[in-house]
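Each remark here refers to the structure printed beneath this line.
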Amino acid sequence: MREHARNQHADERRPVVWTGRATNRFQWVAAAAGAAFMALGITIAVESPWTSGIAALLMAVIGCVAAGLLVLFGTLAFVHVAVKVDDLAMEVRCGHIGLPRRRILLSHVVGADFAPSVTPRHWGGWGYRWRPEKGTAVVVRRGEGLVLRLGDGRTFTVTVDDAESAVRVIRDHLRPPTPPGPPAATGV
């Protein structure tokens, strides 16, 4: 009997800090394409015979390098997302350097919902997205996610593994603490 009660109480406790991640390995393919564009621009700059004029050469080199940098850093920023929920806020960090980053105070959150199927198609692609009718999202892959309903009527969606656990933790943090009850009778 005691063991049953002990296990029941262990299940009721939620972690104070929850962390989760989501990864999109396909983004590495796009990053490799960006690196290839940069290499092409450098190759053109180094090995070009300069016969067609300096302006054409500069446009080709700058165009390839700029496109390569844009694709490379744009995709590396969304290879993965890390989500951390504590008793004060939810923080979302993207990519290896953690940018872009978004911190939402739980005092601004009115609710959290589990989204079983978030797709890049619904948001217009991967990355940090905003749609007037849907709100803001960080989408790094297709799959489950969590949706925060904010006090100003907006929503924030993020794709993350084990989003149901994150929703439970956020809801637990949103509940007001229960006031202590009256002291128990001692039987005297």
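Comparing mean-square fluctuations of PRO116, PRO100, PRO176 from a GNM of the chain with C-alpha springs under 10 Å, the top value falls on PRO176. Taking each DSSP H run with n ≥ 4 as -39500 (n - 2.57) and averaging over every residue of the chain yields -12500 deg cm²/dmol at 222 nm.
Mean-square fluctuations from a GNM of the chain, with a 10 angstrom spring cutoff on Cα atoms, peak among THR43, THR136, THR19 at THR43. Per-residue packing, averaged as other Cβ atoms within 10 Å, sorts the ranges 125-134, 65-74 into the order 65-74, 125-134, beginning with the highest. Computed from Cα positions, the angle between helix 163-174 and the longest principal axis of the chain comes to roughly 50 degrees. Taking every alpha-carbon pair under 8 Å whose residues sit at least 6 apart, region 61-171 reaches a relative contact order of 21 percent. Computed over the chain, relative contact order equals 20 percent, with contacts defined as Cα pairs under 8 Å that lie 6+ residues apart.
Against the longest alpha carbon principal axis of the chain, how many degrees, from 0 to 90 and to the nearest 10, is the axis of helix 2-12 turned? Taking the Cα atoms of the chain, the angle to 2-12 is about 40 degrees.
None of the figures in this text is laboratory data; all of them are computed from the coordinates on show. It should be emphasised that the depicted structure is a prediction, and the values quoted were computed from it without experimental measurement. Heads up, the Cβs are rebuilt from the backbone with ideal geometry, glycines too, and the neighbour counts pull from every protein chain shown.
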